[in-house]
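**Q** Could you have a look at this structure, given as structure tokens, before my questions?
The values are calculated or read from the model by the stated rules, or taken from the named source; none is laboratory data. Predicted model only: the values in this text are computed from it and were never measured. Cβ placement follows ideal geometry from the backbone for every residue including glycine, while neighbour counts extend to all protein chains displayed. Surface areas here come from the heavy atoms of the whole protein model, side chains and all, with no ligands, DNA or RNA. Shrake-Rupley method; radii C 1.70, N 1.55, O 1.52, S 1.80 Å.
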Amino acid sequence: MSDQHRRPRKPGKPYRRPQKDPVRMLAFEALRAVDERDAYANLVLPPLLRKARQSGDFDGRDAALATELVYGTLRRQGTYDAVIAACVDRPLREVDPPVLDVLSLGVHQLLGTRIPTHAAVSASVELARVVLGDGRAKFVNAVLRKVAQHDLDGWIEKVAPPYEDDPEDHLAVVHSHPRWIVSALWDSLGGGRAGIEDLLEADNERPEVTLVARPGRSTTEELLGEEAAVPGRWSPYAVRLTEGGEPGAIEAVREGRAGVQDEGSQLVALALANVPLDGPDGKWLDGCAGPGGKAALLAALAAERGAFVLASEKQPHRAALVARALDGSPGPCQVIAADGTRPPWRPGSFDRVLMDVPCTGLGALRRRPEARWRRRPDDLEGFAPLQRGLLTTALDSVRVGGIVGYATCSPHLAETRAVVDDVLKQHPAAELVDARPFLPGVPALGDGPDVQLWPHLHGTDAMYLALIRRTG
């Protein structure tokens, strides 16, 4: 450590080296990866935790705390930024990002956990001494002592505008979402304060791990033998792990007979597979198959009927993930790397087509909380031509009388109904099929014919599905 970073020594008092806290060091490392490399926490954190466990530094409680610190800080970043901004004498953009990460971790401990105030402050200052140096640790100490003067409710009263004056900005600060996303979600819900608040709160909750028992390869009974496993809410193949757990430790998951898959994604694949068809039903297409979860479920369902599944994915590395997911599938299937907007197959080749298109991912903010801070409104313009092109390909690829499922993991109207409406105007020989009967038992599906799932209503990602039959 350089001399200029050391705390000035008092006469007769020896310099004390900062003590490394493995849990907070790991949480800081994860946040830096998210910030510097645009990494996703759900991809960065597991290998860091595995390495820490292997080193002997961590036990289960340490891993749980590190996970809470990372995800809690990311989910509440907007709220915490507003609090920190009220406690510093400069714009946040002028605070060095590593300093801001240490501060955010400290604020989460103070306002979002049960860690005692003195422990939250001292641990954060000690982390700052290790990773920032003594000088900036003093700054961290001063800011966190200001933050500690109020609890979360007290700070929200200070930093959030009244709902009556600016409803969207109030909700953005209180529930830690960018204002434009609050506005978009509110439009998709159709108004009402209770609904939007429930949805924003659900986005900030830690989601359960959901497994899928792939038909013919595993059963829910097998998965329910795992600790803290309970049946899914809606999918007959879903099992939820109510206390988290490590899916990779489950034999059926390691062997590919089961997988990790949100129940909303399972319902999309099941709905497409359950629509009655007149005529042949032997060729299915997953046109945007990466990373392979829906393709694996479709392949298992198709195998029960003797149908063939072609899984197409543009990116070769993602096509490799699809191939891994389909490895061992009981029925005939094939994986190819191909551009879905310029397909190598002939028009009208398939009886069923799923097109789960690339999108902003606003429906999965529970799982990827950092995505809300990366996305911008103009991202929608970038996805729009691709989404319309892929749905057009899907309608061209299905035979007359066949069925297309258009799906997105976004509830934004510009990525859901607007796309379907625009493409159907250009493709008059197609009609919407009411999707609701093919999600049996699932409540609150709206007026149809399309379906929008919601975290706060269904406990799933906010998946959208439109079923379209080609008529000519």
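**Q** How much of the DSSP beta bridge set in the chain is antiparallel, as a percent to the nearest 5?
**A** Here the share of antiparallel DSSP bridges comes out near 55 percent.
**Q** Enter the Cα centre distance for the pair region 15-60 and region 200-234, rounded to the nearest angstrom.
**A** Going from one Cα centre to the other spans 27 Å.
**Q** From the gyration tensor of the Cα coordinates in region 197-276, what semi-axes in whole Å does the equivalent ellipsoid have, largest first, with each one equal to sqrt(5λ)?
**A** Details: eigenvalues 87, 70, 19 Å².
So the three semi-axes of region 197-276 are 21, 19, 10 Å.
**Q** Going by average Cβ neighbours within 10 Å, how do the peptides 412-425, 263-276 rank, with the highest at the top?
**A** Values: 412-425: 18.8, 263-276: 23.0.
The densest-packed peptide leads the list: 263-276, 412-425.
**Q** Please list log₁₀ I(q)/I(0) at q = 0.14, 0.26 Å⁻¹ for region 41-105, using the Debye equation with identical point scatterers on the alpha-carbon positions.
**A** For region 41-105 at q = 0.14, 0.26 Å⁻¹, log10 I(q)/I(0) is -0.52, -1.08.
**Q** Something else now. If you find the alpha carbon centre of region 136-154 and of region 71-101, how far apart are they in angstrom?
**A** 11
**Q** Explain nothing, just the number: relative contact order of the chain, from Cα pairs under 8 Å at least 6 residues apart, as a whole percent.
**A** Reported relative contact order: 12 percent.
**Q** In whole Å, what are the extents of the chain along the principal axes defined by its C-alpha atoms, from largest to smallest?
**A** Computed over the chain, the largest-to-smallest principal extents equal 91, 52, 38 Å.
**Q** Cα extents of region 117-223 along the three principal axes, largest first, in whole Å?
**A** 61, 44, 21
**Q** In percent, what relative contact order does region 146-188 have, based on Cα pairs under 8 Å that are 6 or more apart in sequence?
**A** Relative contact order, region 146-188: 24 percent.
**Q** Can you work out the accessible area per residue across the chain, with the rest of the protein chains kept in place, probe 1.4 Å, in square angstrom?
**A** Per residue, the chain has 45 Å² of solvent-accessible surface.
**Q** Under the Kirkwood approximation applied to all pairs of distinct alpha-carbon atoms, what is the hydrodynamic radius of region 218-342 in Å?
**A** Hydrodynamic radius (Kirkwood, Cα pairs) of region 218-342 is 15.2 Å.
**Q** ³J(HN,Hα) across region 257-274 via Karplus (A = 6.51, B = -1.76, C = 1.60, θ = phi - 60°), whole Hz, x for Gly/Pro?
**A** Working through the residues one at a time gives 6, 9, x, 8, 7, 4, 5, x, 5, 4, 5, 4, 5, 5, 4, 4, 6, 9 Hz.
**Q** Give the value in nm², to one decimal: projected area of the alpha carbon convex hull of region 282-401, averaged over all directions. Please report the intermediate quantities before stating the final value.
**A** Numbers: hull surface 32.0 nm².
For region 282-401, the mean projected area of the Cα convex hull comes to 8.0 nm².
**Q** If the only charges are +1 at each Lys and Arg Cβ and -1 at each Asp and Glu Cβ, what is the size of the charge dipole of region 316-472 around the Cα centre, to the nearest 20 debye?
**A** Dipole size: approximately 300 debye.
**Q** Just the Cα atoms of region 343-462: what Rg and Dmax do they give in Å?
**A** Cα only, region 343-462: 15.1, 43 Å (Rg, Dmax).
**Q** Using the Cα atoms of region 19-70 to build a convex hull, what is its mean projected area in square nanometres?
**A** 3.4
**Q** Placing +1 at every Lys and Arg Cβ and -1 at every Asp and Glu Cβ, with all other atoms neutral, what dipole size does the chain have around its Cα centre, in debye to the nearest 20?
**A** Taking the Cα centre of the chain as origin, the dipole is about 1760 debye.
**Q** Please report, largest first and rounded to whole Å, the three semi-axes of the ellipsoid equivalent to region 176-224, where each semi-axis is the square root of five times an eigenvalue of the C-alpha gyration tensor.
**A** Taking √(5λ) for each eigenvalue gives 35, 12, 10 Å, largest first.
**Q** Something else about it: Can you check what the Kirkwood hydrodynamic radius comes to for region 82-171, Cα pairs only, in Å to one decimal?
**A** Evaluated on region 82-171, it is 13.6 Å.
**Q** Right, something else. Taking the highest mean first, how do the peptides 172-179, 131-138, 190-197, 277-284 order by number of other beta carbon atoms within 10 angstrom per residue?
**A** The densest-packed peptide leads the list: 172-179, 131-138, 277-284, 190-197.
**Q** Another question, then. Between rounded, prolate and oblate, where does region 403-467 land on the alpha carbon gyration tensor, with a ≥ b ≥ c its root eigenvalues, rounded for a/c under 1.5, else prolate if a/b exceeds b/c?
**A** Values: a/c = 2.57, a/b = 1.52, b/c = 1.69.
Oblate shape, in that a/c is at least 1.5 and b/c is the bigger or equal ratio.
**Q** While we're looking at this one, here's another question. Please list 288-295, 240-247, 88-95, 254-261 highest first by mean number of surrounding beta-carbon atoms within 10 Å per residue. Each step should come with its number before you reach the end.
**A** On the way: 288-295: 25.4, 240-247: 15.4, 88-95: 10.8, 254-261: 18.1.
Packing proxy ranking, top to bottom: 288-295, 254-261, 240-247, 88-95.
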